[in-house]
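The values are calculated or read from the model by the stated rules, or taken from the named source; none is laboratory data. Fair warning: this is a prediction, and the values are worked out from it, not measured in the lab. Cβ placement follows ideal geometry from the backbone for every residue including glycine, while neighbour counts extend to all protein chains displayed.
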Amino acid sequence: TVQWDVTGFDWKRRGAGQIAREVITQARAGSIILLHDGDSEGKRDRRKTVAALPMIIDGLRARGLRIAPLSQLIGEKEEQLAA
């Protein structure tokens, strides 16, 4: 089982900048970020989440964090994640 530790609270209908700031300030090496691309009823607009992604990517990289799929994180040692 894998659990996320960072959320942008995008389900609260926040703006793209708010979503990005929330993720960037919470993230650390090895974090798993939760964002939504829809809901079970298909009624929520996720354009703000999509618009936040470039800001999130740039912000995390500016902090020296590397973005990787979960499949790459599984099995890595803590010292590798902090690099």
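Things to note:
- Matching residues, the range 10-28, being loosely packed, with under 15 Cβ neighbours inside 10 Å and within 12 Å of the chain's Cα centre (by Cα): THR25, GLN26, ARG28
- Residue in the range 31-39 that is of a type in the set (Gly, Ala, Ser) and either under 20 Å from ILE74 (Cβ atoms) or exposed (fewer than 11 other Cβ atoms within 10 Å of the Cβ) (or both) present: yes
- Among the residues of the range 60-83, those that are at pLDDT 90 or above, part of a helix (DSSP H, G or I) and surrounded by 10 or more Cβ atoms within 10 Å (Cβ to Cβ) comprise LEU60, ARG61.
- Test for ILE57: is it of a type in the set (Val, Ile, Thr), surrounded by 12 or more Cβ atoms within 10 Å (Cβ to Cβ) and modelled with pLDDT of 90 or more: yes
- Here ASP37 clears all of (1) out of contact with any helix residue (DSSP H, G or I) (no Cβ under 8 Å at 6 or more places or on another chain); (2) acidic (Asp, Glu); (3) in a loop (DSSP other than H, G, I, E, B) except the condition numbered (1).
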